[in-house]
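**Student:** Have a look at this one before I ask anything.
The values are calculated or read from the model by the stated rules, or taken from the named source; none is laboratory data. Treat the numbers as computed from the prediction; the structure is a model and nothing was measured. Glycine gets a Cβ as well: all are built from the backbone with ideal geometry, and neighbour counts include every protein chain shown. Only protein heavy atoms, including side chains, enter the accessible area calculation; ligands, DNA and RNA are left aside. Shrake-Rupley method; radii C 1.70, N 1.55, O 1.52, S 1.80 Å.
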Amino acid sequence: MSRSSSGFVAGLTAVALAAVGFLAYQASASAPDHPGKTDKSPSASASRSPKDKKNPTALPARSGAGERVVYSLGDQRVWLVEASGKVKQTFKVTPGTVDPAPGSYTVTSRTGAVTGTDGVPIEHVVIFTSNDGVAIGFSAAVDGSTPRPDPSKKTGGIRQSRAHGNVMWQFAGITQKVVVVP
């Protein structure tokens, strides 16, 4: 095989691998079950009201133990908690239109960069569950925006700033525990 033919084959292989990776991500995003769910907590409807009005940045009570990511639906806030129980960082997020049920999950997939279900290029995607056929996880828009999602679209992206996306990416590897509280 000539040098130009081998380069052509290598290029086609790279394109094919990228396409397979993208299709695998799309398939996982539309999976109907909750493969990352590890603990079912009862709560048919999660309230989106803050729990601690005096100290909204306080780690929610009953949010588990050990190293974990805690996501509060009501506070629209994330806490990155070290194994010792000390909060490494906390920050506000913008939820998608499809919420995860309260409970304990694990990170099931990570993607460096992709286009979100809302058509926005995103990076540092950390998926931990799905609901109603929509993948749910943390991500950051490449343009740094965190606008409210279009309520007519089903989106599971919990948007954070690019800086917070970098911190989440470093903290939340595959199998990292994620606790969702009301």
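**Student:** With every atom except the alpha carbons ignored, what do you get for Rg and Dmax of the stretch 57-127, in angstroms?
**Tutor:** Spelled out, the Cα radius of gyration and Dmax of the stretch 57-127 are 13.3, 39 Å.
**Student:** Please work out how much length the chain gains when fully extended from ALA58 to SER152, using 0.36 nm per residue of separation minus the C-alpha to C-alpha distance, in nm with one decimal.
**Tutor:** Full extension of this stretch gives 30.6 nm more.
**Student:** Next question. With θ set to phi - 60°, apply the Karplus curve 6.51 cos²θ - 1.76 cosθ + 1.60 along the stretch 93-105 and write out the HN-Hα couplings as whole Hz, x wherever there is a Gly or Pro.
**Tutor:** 9, 10, x, x, 8, 10, 8, x, 6, x, x, 10, 10
**Student:** Here's a follow-up. With every protein chain kept in the model, how would you rank SER72, SER109 by accessible area, 1.4 Å probe, largest at the top? Could the numbers behind the result be given before it?
**Tutor:** Numbers: SER72 0, SER109 30 Å².
Largest accessible area first, the list is SER109, SER72.
**Student:** In addition: According to a simple spin-label model (label point 7 Å from Cα along Cα-to-Cβ), what is the distance in nm between ALA113 and ASP143?
**Tutor:** Here the modelled spin labels are 1.6 nm apart.
**Student:** Continuing with the same structure: Would you please classify the overall shape of the stretch 94-157 from the alpha carbon gyration tensor, given that a ≥ b ≥ c denote the square roots of the eigenvalues, rounded means a/c under 1.5, and beyond that prolate means a/b larger than b/c while oblate covers the rest?
**Tutor:** It is oblate, given that a/c is not under 1.5 and a/b is not larger than b/c.
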